[in-house]
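Below you'll find the structure, written out as structure tokens, and then a few comments.
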Amino acid sequence: MNIFRVQHVGDDWGEVHAELHRAFEMSRSAAQAEESFVYVVHHDDLLGRRGPGKAMVATGLLSAARTAALEGARKGWSVNVVAYDDDSDPETVERWAEKLATDAAGITGELIRIGPSHLGKALP
Amino acid sequence: MNGCIVVTGAARGIGRAIATRLAANPSFTVIGVDLSADLADVDDIVPVQVDLTKAEGVEMVKLAVIEAGVPLLGLVNNAGITRDSRLVNMTDEDFDAVLDVNLGAAYHLSTALADLIAENGAIVNIASRAYLGNFGQFNYSMSKGGVVGLTRALALSLAPHVRVNAVAPGLIGTEMAMAIPEEVLEKMVAAIPLDRMGTPAEVANVVWFLLTPLSSYVTGHVVVVGGGRSLS
């Protein structure tokens, strides 16, 4: 299953670059195999609330997912992003990620947010 | 208030339009940064020819700001490149190069200059409408999405002293756009509700708004300058 979970990233550019490169390698391999993939990010990072390093990774992945989804739409594979918050049930997050990675049922290029912390905030 | 503004990628296209728009105001000293030497011919811009992916390049810009001897009022992170291909064919080299220039340089320079920016100053990051997704631009789209995240994080960390916003241009009539095959360009323009490409000057107008007190209560936002393309 092609699920990319963001690892610990600080504000060092080398860490940011390495993490995005790791996502790129997973994404390229999945695309070459014509398989769907999913990125899992923290919702706070989409809004830049936990520092620039984490923010650059999370929003970079969201944009990459939207672009890859355009490519996958022609071939039948999907790309989505699951965002969780501190109160999200890890099993629920995992269940959604696995579902989207294996049988997205036509959902692609979407941001699926687990938990209510995004309500009333900017749309990423 | 007199002061200086740093504009990266200022030698041509959108960056040049921003730099010349700002330089037309006698209150501003514009420091134009680019890898190219073309800036040397532009009147009223202090040229700094450096590679912003290198630490010494960032230091040279910082030195130029200090040598200007006036407050730093703003920074426009505009430098960017493209290396387009479908994800399945994208090379590590093309991925890394786009990420380092479009996102890494903006991050390094913002970090280096943040403490020098005057009270009520502003940073404007040039993202791209491609942050919403654009076929064949996995690396570019990721880098510009990262710029949006950087914008939001800096907007929070530098508030209330410095505002940080982003501009996301769509199809703009630059050299880069003119290199697109004519029949492809026609199809792209046909998908734009305003039925034309934008001009670099139209992007510069929005940057002006976000840099100056006209937008004094706006921070952490992305303004799409795309002729309505995101709706069609």
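Laboratory data are not the source of any read-out in this text; all were calculated from the coordinates shown. From a predicted model like this one, the values you see are computed outputs, not experimental measurements. Cβ sites come from the backbone with ideal geometry, for glycine too, and all protein chains shown count toward neighbours.
Students often forget the sequence filter, so: which lysines lie under 24 Å Cα-Cα from B:Lys187 once same-chain residues fewer than 8 apart are removed?
Those lysines meeting the cut-off are A:Lys75, B:Lys144.
Mind checking which of A:Thr59, A:Thr92, A:Thr102 has the largest fluctuation in a GNM of chain A, springs on alpha carbons under 10 Å?
A:Thr92
Once the mean 1/r over all distinct Cα pairs of the protein assembly as shown is inverted, what Kirkwood radius in angstroms do you read off?
Roughly 20.5 Å, rounded to one decimal.
Would you work out the Kirkwood radius for the range B:22-170? I mean one over the mean of 1/r across all pairs of different Cα atoms, in Å.
Computed over the range B:22-170, the radius equals 16.1 Å.
If each of B:Asp44 and B:Glu56 carries a label point 7 Å out from its Cα toward its Cβ, how far apart are those two points in nm?
My value for the distance between the label points is 3.4 nm.
Can you tell me which aspartates and glutamates have their Cα less than 15 Å from the Cα of A:Lys121? Leave out same-chain residues fewer than eight positions away.
The qualifying aspartates and glutamates are A:Asp44, A:Asp45, A:Asp85.
Place a +1 charge on the Cβ of each Lys and Arg in the protein assembly as shown and a -1 charge on the Cβ of each Asp and Glu, then give the dipole magnitude about the Cα centre in debye, rounded to the nearest 20.
860 debye
Filter chain A for me: DSSP H helices, axial length by Cα at least 24 angstrom, mean Kyte-Doolittle hydropathy not below -1.0. List them by residue number. Present the calculation step by step, with values, prior to reporting the outcome.
Values: long enough: A:13-32 (28 Å, -0.62); A:52-73 (31 Å, 0.60).
TM-like helix candidates: A:13-32, A:52-73.
Give me the one-decimal nm value for the distance between modelled label points at B:Ala37 and B:Val218, 7 Å along each residue's Cα-to-Cβ direction.
Computed distance between label sites B:Ala37 and B:Val218 equals 3.9 nm.
What's the angle, to the nearest 10 degrees (0 to 90), between helix B:13-23's Cα axis and the longest principal axis of chain B?
30 degrees
Amide H of B:Ile172 versus every other amide H placed in the peptide plane: which residues, excluding those fewer than 5 positions away on the same chain, fall under 5 Å?
Correct list: B:Gly198.
For a test of the definition: using alpha carbon positions, the gyration tensor, and the 1.5 limit on a/c, classify chain A as rounded, prolate or oblate.
Oblate is the answer for chain A, as a/c is 1.5 or above yet b/c matches or exceeds a/b.
What average count of beta carbons from other chains do you get within 10 Å of the Cβ of residues in B:129-141?
Working: counts 0, 3, 8, 5, 12, 4, 7, 3, 5, 11, 5, 3, 9.
Taking all residues of B:129-141 together, the mean is 6.
Length gain on complete extension for the stretch A:Glu25 to A:Glu91, per 0.36 nm per residue less the alpha carbon to alpha carbon distance? Numbers along the way, then the final one.
Numbers: separation 66, 0.36 × 66 = 23.76 nm, distance 2.60 nm.
Residue separation times 0.36 nm, minus the Cα-Cα distance, leaves 21.2 nm.
Mind telling me which of A:Ala18, A:Ala101, A:Ala58 comes out most flexible in a GNM of chain A, alpha-carbon contacts under 10 Å?
Looking only at A:Ala18, A:Ala101, A:Ala58, the biggest GNM fluctuation is shown by A:Ala18.
Considering the alpha-carbon set of the range B:129-232 alone, what are its Rg and its Dmax in angstrom?
15.0, 48
Measure nothing but the geometry: give the 0 to 90° angle between the long axis through the Cα atoms of B:138-158 and the longest principal axis through the Cα atoms of chain B, rounded to 10°.
In chain B, helix B:138-158 runs at an angle near 30 degrees to the longest axis.
Output wanted: per-residue J couplings in Hz (rounded whole) for the range B:165-179, from phi through Karplus 6.51 cos²θ - 1.76 cosθ + 1.60, θ = phi - 60°, x for Gly and Pro.
Couplings: 9, 10, 10, 10, x, x, 6, 10, x, 10, 4, 4, 6, 5, 7 Hz.
Considering only A:Gly51, A:His21, A:Leu62, whose Cα is most displaced toward the positive end of the charge dipole of the range A:20-64, charges sitting on Cβ of Lys, Arg (+1) and Asp, Glu (-1)?
A:Gly51
Per-residue counts of other Cβ atoms within 10 Å, averaged by peptide: what ranking do you get for A:35-42, B:196-203, B:87-94, B:174-181, highest first?
The densest-packed peptide leads the list: A:35-42, B:196-203, B:87-94, B:174-181.
Taking one equal scatterer on every alpha-carbon of the range B:48-96, how large is log10 of I(q)/I(0) by Debye at q = 0.16, 0.21, 0.32 1/Å?
Debye output, listed in q order: -0.63, -0.83, -1.22.
Need the list of aspartates and glutamates near A:Lys99 for cross-linking: C-alpha distance under 18 angstrom, and skip anything on the same chain fewer than eight residues off.
Counting by Cα, and skipping residues close in sequence, A:Lys99 has these aspartates and glutamates nearby: A:Glu34, A:Glu35, A:Asp89, A:Glu91, A:Glu110.
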